[in-house]
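What follows is one structure encoded as structure tokens, with my remarks underneath.
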Amino acid sequence: MKQIAIVSGKGGTGKTTLSGSLSFLFENHVMADCDVDAPNLHLLMEPKLLEKHEYFGGKKAEIGNSCTSCGACMDVCRFSAIIPGTTYKIDPYACEGCNACVLICPEGAITLKESKSGDYFLSKSGDLPLSHALLFPGEETSGGLIAEVRKLALKVAEQKNRKYVVIDGAPGIGCAASSSITGVNYVVIVAEPTISGMHDLQRIVETTRYFRRNFGIVINKFDLNEVKTDEIICWCEKEGIEVLGKIPFDPEVRNSAIKAEPVVKNEKSPATRAIREIFQRLMEIV
Amino acid sequence: MKIAVVSGKGGTGKTTVATNLAWVLSQKGPVQLLDADVEEPNSHLFFHVKYTEEIDVEILLPRVDKEKCLLCGKCAKACQFGAISIFNTGVLIFDNLCHGCGTCSIACPTKAIYEISKQIGVVKIGQIDEKLTFGMGLLNIGEPSGVRVIRELKKFIDNSRTVIIDAPPGTSCPVVETLRGMDYAIMVTEATPFGLHDLKLAASVVKEMNIPMGIVINRASEDYKEIEEFAFSNDIPILEKIPFDRDIATSYSKGSLFVEEKKEWFERFERLYEKIAGVIV
């Protein structure tokens, strides 16, 4: 079985557009939406929910009645999570559940409680299984939740003897992005020809190298700024990175997005042709 | 006044709104623009920033003094992140799992744990011109969380100026850290079902934090009215609609500000600010 992740340092470059379309072209696969902060793939696939699992990402401290407001917890907390007052309280958004305050409290007034930070799901769109999740707003443990989404996708792929797991990754370069690419066979990085696209591309390439993954690049909306596109291509040549393909700016992509459909359903669209070529190249590689 | 520019979905135009708004307001009075999207900061690309200060953001990692360590395992038991393992031969610390919380030091009965600092990012402070000062955070590659970098950046908030903060995308803890203490949130979204879905998530965070908000619809389209319906039924004002315009997309791609190229938009951003100021005072 092969795992392929589609990522982009910068958000909104067309990651879900591409993965939604690739999902339509792939056969014998399972999809995983790892953008658990702002998941969008299910909007394209209109799946039927099969399973729902609760995710307990971590613990949070709770201060009980025996608190004497001595302030010892505040001195040791490195996350500014203690709110002083006549009785002390915990700011659940800031608390990382590290246990320091529990150990230091002379009254034994603080306990760590399991805290639910999201749900993850198995759904089905026609014959295609999709694992996805929703992190509760303001939670921090998205790396762990992404690991659960990927585990679920792998389990289903094994049970159903599917050949590929296709992952719609999380944006950025932090724990969410890293969890989306650890251990995958191939990473497709989507870039856009803008000054910020170039900046973010370099950072996600560095991150992908840090995790020692094989990868290639797709330039989306390449004709919006051909000078920047050339810059990206030159940079890739210099760095020995393969450019898998270029997708033109195409109003059809937006129209499909409004209809919540993958653009490749529209055979006439110029973007469709480009995405089909990228898919062919991807199949050769993996 | 402190305004955060937020979006659930990435790439909706947060940086476009933050940079253009900061520039427009700085023509009238002192403004500070801060980029808290520390994983992928982009605001600086639109200006010539003269940096005056660079501050390392560090966390403290535990190290064990073998002479004092009894291999009792209390540190490993206290650690909530699985960052410490005990072997017959010594203690192994996984730096990448460590949150730098200091719990292991508290748990150690022989004070065998000391701490060393490790740089996880930087905060850069500078000036664009007299009226517009600038700050940004940058998380190192391979580091899991930018929250601490954001916290460090926010120490440089200049309350004598109008502050515009470009927030990270999404709805998780870095966004909450950015929003803490803000007076207003501008929610930037795009007119698609994806934009709407992620806007709802982001709006729920902002609402829970009791911060007043308004919406800017980017790449607005007559074909997709659902954002406006959501705004109306939740009593959130629409501050501005920016249509899809190839010129605007092109000026972004080159790293220029479209308010400088399109006079009409300069005035529209001024009005956008007036709508916000009306709510705050």
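Just to be sure, is B:Leu34 surrounded by 17 or more Cβ atoms within 10 Å (Cβ to Cβ), of a type outside the set (D, E, K, R) and under 30 Å from B:Thr178 (Cβ atoms)? Break it down into steps so the answer makes sense when it comes.
Details: surrounded by 17 or more Cβ atoms within 10 Å (Cβ to Cβ): yes; of a type outside the set (D, E, K, R): yes; under 30 Å from B:Thr178 (Cβ atoms): yes.
Spelling it out, B:Leu34 is indeed surrounded by 17 or more Cβ atoms within 10 Å (Cβ to Cβ), of a type outside the set (D, E, K, R) and under 30 Å from B:Thr178 (Cβ atoms).
If you go through the stretch A:149-193 one residue at a time, how many are open to solvent by 30 Å² or more (accessible area, probe 1.4 Å) and in contact with a helix residue (DSSP H, G or I) (Cβ under 6 Å, 6 or more places away or on another chain)? Give the steps one after another, and end with the answer.
Within the stretch A:149-193, the first condition is being open to solvent by 30 Å² or more (accessible area, probe 1.4 Å), and the residues that meet it are A:151, A:154-155, A:158-163, A:171, A:175, A:182-183, A:185.
Now drop any that are not in contact with a helix residue (DSSP H, G or I) (Cβ under 6 Å, 6 or more places away or on another chain), which leaves A:175.
Number of matching residues: 1.
For the stretch A:124-143, give me the residue count where each residue is in a strand (DSSP E or B) and open to solvent by 10 Å² or more (accessible area, probe 1.4 Å).
Step one: of the stretch A:124-143, the residues in a strand (DSSP E or B) are A:124-125, A:128-135.
In the following step, the residues that additionally are open to solvent by 10 Å² or more (accessible area, probe 1.4 Å) were identified as A:124-125, A:128, A:132, A:134.
So the answer is 5.
Which members of the stretch B:159-178 meet the condition of being open to solvent by less than 10 Å² (accessible area, probe 1.4 Å) and either more than 9 Å from chain A (Cβ to nearest Cβ) or of a type in the set (Asp, Glu) (or both)?
Those that are open to solvent by less than 10 Å² (accessible area, probe 1.4 Å) and either more than 9 Å from chain A (Cβ to nearest Cβ) or of a type in the set (Asp, Glu) (or both): B:Val163, B:Ile164, B:Ile165, B:Asp166, B:Ala167, B:Thr178.
Using the structure shown, decide if B:Thr16 is in the same structural domain as B:Lys241 (by the TED database), β-branched (Val, Ile, Thr) and at negative phi. Let's see the steps before the verdict.
Details: in the same structural domain as B:Lys241 (by the TED database): yes; β-branched (Val, Ile, Thr): yes; at negative phi: yes.
Considered against the rule, which asks whether it is in the same structural domain as B:Lys241 (by the TED database), β-branched (Val, Ile, Thr) and at negative phi, B:Thr16 comes out as yes.
Of the conditions (1) touching a residue at least 60 places away in the same chain (Cβ under 8 Å); (2) more than 13 Å from every other protein chain (Cβ to nearest Cβ); (3) assigned to a helix (DSSP H, G or I), A:Ile146 satisfies every one except a single condition; which number is it?
So A:Ile146 meets the others, but not (2).
Which of the residues that make up the stretch B:244-270 are assigned to a helix (DSSP H, G or I), in contact (Cβ under 8 Å) with a residue 24 or more places away in the chain and either basic (Lys, Arg) or open to solvent by 30 Å² or more (accessible area, probe 1.4 Å) (or both)? Break it down into steps so the answer makes sense when it comes.
Taking the stretch B:244-270 and keeping what is assigned to a helix (DSSP H, G or I), we get B:246-254, B:258-261, B:263-270.
So of that shortlist, the ones also in contact (Cβ under 8 Å) with a residue 24 or more places away in the chain come out as B:248, B:252, B:258-260, B:265-266, B:268-270.
If the condition is that a residue be assigned to a helix (DSSP H, G or I), in contact (Cβ under 8 Å) with a residue 24 or more places away in the chain and either basic (Lys, Arg) or open to solvent by 30 Å² or more (accessible area, probe 1.4 Å) (or both), then B:Tyr252, B:Glu260, B:Phe266, B:Arg268, B:Glu270 are the ones that fit.
Restricting to the stretch B:107-142, and then to whatever is farther than 29 Å from B:Cys69 by Cα and part of a loop (DSSP other than H, G, I, E, B), can you tell me which residue is most open to solvent (accessible area, probe 1.4 Å)? Break it down into steps so the answer makes sense when it comes.
We begin by selecting, within the stretch B:107-142, every residue farther than 29 Å from B:Cys69 by Cα; these are B:121-142.
With the extra rule that they be part of a loop (DSSP other than H, G, I, E, B), the set shrinks to B:128-131, B:140-142.
Working: B:Ile128: 34, B:Asp129: 53, B:Glu130: 161, B:Lys131: 88, B:Asn140: 47, B:Ile141: 35, B:Gly142: 12 Å².
Ranking the qualifying residues of the stretch B:107-142, first place goes to B:Glu130.
Give the residue that is surrounded by the most Cβ atoms within 10 Å (Cβ to Cβ), with candidates limited to residues of the stretch B:82-95 that are touching a strand residue (DSSP E or B) at 6+ places or on another chain (Cβ under 9 Å) and under 21 Å from A:Ile104 (Cα atoms). Write out each step before concluding.
Applying the first criterion (touching a strand residue (DSSP E or B) at 6+ places or on another chain (Cβ under 9 Å)) to the stretch B:82-95 yields B:83-86, B:90-95.
In the following step, the residues that additionally are under 21 Å from A:Ile104 (Cα atoms) were identified as B:83-84.
On the way: B:Ala83: 22, B:Ile84: 24.
Restricting to residues being touching a strand residue (DSSP E or B) at 6+ places or on another chain (Cβ under 9 Å) and under 21 Å from A:Ile104 (Cα atoms), the top hit is B:Ile84.
From the residues in the stretch A:70-84 that are farther than 25 Å from B:Val175 by Cβ and open to solvent by less than 40 Å² (accessible area, probe 1.4 Å), which one is nearest to the other protein chains (Cβ to nearest Cβ)?
Only one residue fits best here, namely A:Val76.
Scan A:Leu103, A:Leu112, A:Leu49 and give me the residue that is aliphatic (A, V, I, L, M) and in contact (Cβ under 8 Å) with a residue 60 or more places away in the chain.
Numbers: A:Leu103 fails: in contact (Cβ under 8 Å) with a residue 60 or more places away in the chain; A:Leu112 fails: in contact (Cβ under 8 Å) with a residue 60 or more places away in the chain.
Matching residue, one of A:Leu103, A:Leu112, A:Leu49: A:Leu49.
Filter the stretch B:215-234 for residues that are buried (at least 19 other Cβ atoms within 10 Å of the Cβ) and not hydrophobic (A, V, I, L, M, F, W, C); which is farthest from the chain's Cα centre (by Cα)? Give the steps one after another, and end with the answer.
The first filter runs over the stretch B:215-234 and keeps only residues buried (at least 19 other Cβ atoms within 10 Å of the Cβ), leaving B:215-220, B:224, B:227, B:231.
Pick out the ones that are also not hydrophobic (A, V, I, L, M, F, W, C) and you get B:218-219, B:224.
Numbers: B:Asn218: 19, B:Arg219: 22, B:Tyr224: 28 Å.
Within the stretch B:215-234, the match that is farthest from the chain's Cα centre (by Cα) is B:Tyr224.
Out of all the residues in the stretch A:32-44, is one or more in contact (Cβ under 8 Å) with a residue 60 or more places away in the chain, open to solvent by 30 Å² or more (accessible area, probe 1.4 Å), away from every other protein chain (no Cβ under 14 Å) and under 19 Å from A:Ile146 (Cα atoms)?
Checked the stretch A:32-44: no residue is in contact (Cβ under 8 Å) with a residue 60 or more places away in the chain, open to solvent by 30 Å² or more (accessible area, probe 1.4 Å), away from every other protein chain (no Cβ under 14 Å) and under 19 Å from A:Ile146 (Cα atoms).
Those residues that are touching a residue at least 60 places away in the same chain (Cβ under 8 Å), within 14 Å of the chain's Cα centre (by Cα) and facing another protein chain (nearest Cβ under 9 Å), I need them from the stretch B:180-205; list them, please.
Passing the criteria: only B:Ala202.
Just to be sure I understand the filter: pairs with C-beta atoms under 8 Å, separated by 6 or more residues or on different chains, first member in the stretch A:158-178 and within 29 Å of A:Gly197 (Cα to Cα) and more than 14 Å from every other protein chain (Cβ to nearest Cβ), second member open to solvent by 30 Å² or more (accessible area, probe 1.4 Å) and in a strand (DSSP E or B). Which pairs pass?
From the stretch A:158-178, the pairs are A:Tyr164/A:Lys2; A:Val165/A:Lys2.
Restricting the stretch A:200-213 to residues that are open to solvent by 40 Å² or more (accessible area, probe 1.4 Å) and touching a helix residue (DSSP H, G or I) at 6+ places or on another chain (Cβ under 7 Å), which is nearest to the other protein chains (Cβ to nearest Cβ)?
Initial filter on the stretch A:200-213 (open to solvent by 40 Å² or more (accessible area, probe 1.4 Å)): A:202, A:206, A:209-213.
After this cut, where a residue has to be touching a helix residue (DSSP H, G or I) at 6+ places or on another chain (Cβ under 7 Å) as well, the list is A:211, A:213.
On the way: A:Phe211: 8, A:Arg213: 13 Å.
That would be A:Phe211.
Which of (1) assigned by the TED database to the domain that holds B:Gly29; (2) buried (at least 24 other Cβ atoms within 10 Å of the Cβ) is the odd one out, the single condition B:Thr103 does not satisfy?
The single condition B:Thr103 does not satisfy is (1).
Write out, first by first residue and then by second, each pair whose Cβ atoms fall under 8 Å of each other, whose residues are 6+ apart or on separate chains, and whose first residue, in the stretch A:246-262, is within 9 Å of another protein chain (Cβ to nearest Cβ) and modelled with pLDDT under 90 while the second is part of a strand (DSSP E or B) and open to solvent by 50 Å² or more (accessible area, probe 1.4 Å).
Hits for this filter: A:Arg254/B:Arg219.
Would you point out which residue out of A:Ile258, A:Ile278, A:Ile195 is in contact with a strand residue (DSSP E or B) (Cβ under 8 Å, 6 or more places away or on another chain) and not aromatic (Phe, Trp, Tyr)?
Numbers: A:Ile258 fails: in contact with a strand residue (DSSP E or B) (Cβ under 8 Å, 6 or more places away or on another chain); A:Ile195 fails: in contact with a strand residue (DSSP E or B) (Cβ under 8 Å, 6 or more places away or on another chain).
Within the list A:Ile258, A:Ile278, A:Ile195, the selection yields A:Ile278.
For residues that are hydrophobic (A, V, I, L, M, F, W, C) and open to solvent by less than 20 Å² (accessible area, probe 1.4 Å), tally how many sit in the stretch A:85-114.
First pass over the stretch A:85-114, keeping only residues hydrophobic (A, V, I, L, M, F, W, C): A:90, A:94-95, A:98, A:100-105, A:109-110, A:112.
Still in the running and open to solvent by less than 20 Å² (accessible area, probe 1.4 Å): A:94-95, A:98, A:100-101, A:109-110.
So the count comes out to 7.
Taking the condition under 30 Å from B:Ile215 (Cβ atoms), in contact (Cβ under 8 Å) with a residue 60 or more places away in the chain and assigned to a strand (DSSP E or B), does B:Leu45 pass? Step through it out loud before you land on a result.
Working: under 30 Å from B:Ile215 (Cβ atoms): yes; in contact (Cβ under 8 Å) with a residue 60 or more places away in the chain: yes; assigned to a strand (DSSP E or B): no.
So B:Leu45 does not fit the description; no.
Which condition from (1) within 11 Å of chain A (Cβ to nearest Cβ); (2) within 20 Å of A:Cys77 (Cβ to Cβ); (3) modelled with pLDDT of 95 or more is the one that B:Cys98 breaks?
(3)
So which pairs qualify, if the first residue must be in the stretch B:142-163 and at positive phi, the second must be open to solvent by less than 40 Å² (accessible area, probe 1.4 Å) and aliphatic (A, V, I, L, M), the Cβ gap must be under 9 Å, and the two must be at least 6 apart or on different chains?
Note: pairs meeting the criteria are B:Gly142/A:Ile173.
Mind checking which residues of the stretch B:49-75 are surrounded by fewer than 19 Cβ atoms within 10 Å (Cβ to Cβ), farther than 20 Å from B:Ser117 by Cα and not charged (D, E, K, R)?
Once the filter is applied, which keeps residues that are surrounded by fewer than 19 Cβ atoms within 10 Å (Cβ to Cβ), farther than 20 Å from B:Ser117 by Cα and not charged (D, E, K, R), the stretch B:49-75 yields B:Tyr51, B:Thr52, B:Cys69, B:Leu70, B:Leu71, B:Cys72, B:Gly73.
The values are calculated or read from the model by the stated rules, or taken from the named source; none is laboratory data. Every value quoted in this text rests on a predicted model; they were computed, and no experiment measured them. Cβ sites come from the backbone with ideal geometry, for glycine too, and all protein chains shown count toward neighbours. Keep in mind that these areas ignore ligands, DNA and RNA; they rest on the heavy atoms of the full protein, side chains included. Shrake-Rupley method; radii C 1.70, N 1.55, O 1.52, S 1.80 Å.
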